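Report on the structure given below.
The values are calculated or read from the model by the stated rules, or taken from the named source; none is laboratory data. The structure presented is a predicted model; accordingly, all values stated were derived computationally and were not measured. So basically every Cβ, Gly included, is an ideal-geometry build from the backbone, and we count neighbours across all protein chains shown. Accessible surface areas use protein heavy atoms only, side chains included; no ligands, DNA or RNA. Shrake-Rupley method; radii C 1.70, N 1.55, O 1.52, S 1.80 Å.
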Amino acid sequence: MNRPEGRGTASAGMGSLCVLAASLLWGTTGTAATFAPAVGPLAIGAVAMGLGGLLQALIAAPRIRREAPRLRARRGVVLLGALAVAAYPLAFYSSMHLAGVAAGTVVSIGSAPLASALIERVADGRRLTRRWITGAVLGLSGTVLLCVAESAGAPSGPEARSVGTTVLGVGLGLVAGLTYALYSWAAHRLIHRGVSSAAAMGSVFGIGGLLLLPVLLATGAPLLESGPNAAVGAYMALVPMFLGYVLFGWGLAQVPPSTATTLSLLEPAVAAMLAVLVVGEHLPLLGWAGVTLVVGCLAVLTTPSRSMTERRTVAERHAPAPGGEGAHRPHRATVEDGDLAAAGDR
């Protein structure tokens, strides 16, 4: 995908902002779930991703109909993404239930960038950039510090979790990270094969939502037992899942999945801060250090590099005058698929 470098840089920046906004919304889910303690993790996951996905498909229905031939031609990618969408919330919320909110969120979100990079390497042959590696190290270190800080305040005695329960929760967190990376890659692949963001996200999440309906019917009765429970379910489906994944789809149109999943490391930092501000939990100094490292990760991934800025300036200086010789030929892009990392960082 060739485009002028200045435009590619701006598009990548806007894509990153969309992913960060989505991560901000996703970070509210743990706090929201505390207002419906009687609702189990499978029901929370099914109502959030199931109804949110069906709503995405409904809104995108005209686009899906128009682009049906392209979607059918890539039905394998669509189905892979849909299966990952259906599996992700069940694994994610069960991981938090079994291993704790801190450990479950950190393992699920923290492992996603690594899984995404591996998928891109195997499926697309994409090399990892120094910038991505630096950002990933900062982000993962920060999320680990958050996990350690919050685990230090975990209950002991009869309320403490057994080793087996924690290990199972961590394992489900790894499944959640892998499935998150898979549906992110699938949506990105569809978008960069000519499918619009709305049609790609609507089809993948719509089919995934259909697959989650049986789980919702089997486990969702507590959602209707009280007004607060129903309000939590509606919020989860409409705000972090529907609106959040619309923003995430826009972001995936501009940045690679490995960058998007790394930027989403903002989610556990937001979750931890909301737990302090809303739920009343205490975050020790080690936890705030983790938040700082996550912010550093985001700064590394979203700030244009000096070499990128210099190349854009040179390109603008040597650009032909409007209507002059060569004005009809666009400059060759040096940012592949909207990746924030400049070619000199590869």
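Structural remarks
Per-residue answers, yes or no, for (1) open to solvent by less than 40 Å² (accessible area, probe 1.4 Å); (2) over 16 Å from Ala22 (Cβ atoms); (3) part of a helix (DSSP H, G or I); (4) modelled with pLDDT of 65 or more:
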position	(1), (2), (3), (4)
Val239	no, no, yes, yes
Leu243	no, no, yes, yes
Val255	yes, no, no, yes
Thr259	yes, no, yes, yes
Leu301	yes, no, yes, yes
Glu310	no, yes, yes, no
Glu316	no, yes, yes, no
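- Unique residue being out of contact with any Leu (no Cβ under 8 Å at 6 or more places or on another chain), at pLDDT below 85 and open to solvent by less than 30 Å² (accessible area, probe 1.4 Å) when the list is Gly135, Gly100: Gly100
- Residue pairs whose Cβ atoms lie under 9 Å apart, separated by 6 or more positions or on different chains, with the first residue in segment 103-131 and within 16 Å of Ser141 (Cα to Cα) and the second part of a loop (DSSP other than H, G, I, E, B) and modelled with pLDDT of 80 or more, are Thr105/Gly27; Ile109/Ser264; Ala112/Ser264; Pro113/Ser264.
- Tabulated pairs, segment 47-66, first in contact (Cβ under 8 Å) with a residue 12 or more places away in the chain and more than 13 Å from Leu216 (Cα to Cα), second polar (S, T, N, Q) and surrounded by fewer than 19 Cβ atoms within 10 Å (Cβ to Cβ), C-beta under 7 angstrom, 6+ apart or interchain: Arg63/Ser196
- Counting residues in segment 320-328 that are outside any loop (DSSP other than H, G, I, E, B) and either buried (at least 22 other Cβ atoms within 10 Å of the Cβ) or modelled with pLDDT under 80 (or both) gives zero.
Per-residue answers, yes or no, for (1) more than 25 Å from Thr28 (Cα to Cα); (2) touching a Ser or Thr at 6+ places or on another chain (Cβ under 6 Å); (3) open to solvent by 50 Å² or more (accessible area, probe 1.4 Å):
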| residue | (1), (2), (3) |
| --- | --- |
| Ala68 | yes, no, no |
| Gly76 | yes, no, yes |
| Tyr88 | no, yes, no |
| Ser95 | no, yes, no |
| Gly110 | no, yes, no |
| Leu114 | no, no, yes |
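- Residue in segment 264-280 that is closer than 20 Å to Trp132 by Cβ, among the charged types (D, E, K, R), touching a Ser or Thr at 6+ places or on another chain (Cβ under 6 Å) and at pLDDT 80 or above present: yes
- Residues of segment 27-46 that turn out to be open to solvent by less than 10 Å² (accessible area, probe 1.4 Å) and either within 14 Å of Gly233 (Cβ to Cβ) or not in a loop (DSSP other than H, G, I, E, B) (or both), as a count: 6
- Hits in segment 200-225 (condition: within 18 Å of the chain's Cα centre (by Cα) and farther than 14 Å from Ala48 by Cβ): Ala200, Met201, Gly202, Ser203, Val204, Gly206
- Which numbered condition Ala230 misses (of (1) in contact (Cβ under 8 Å) with a residue 40 or more places away in the chain; (2) assigned to a helix (DSSP H, G or I); (3) open to solvent by 30 Å² or more (accessible area, probe 1.4 Å)): (1)
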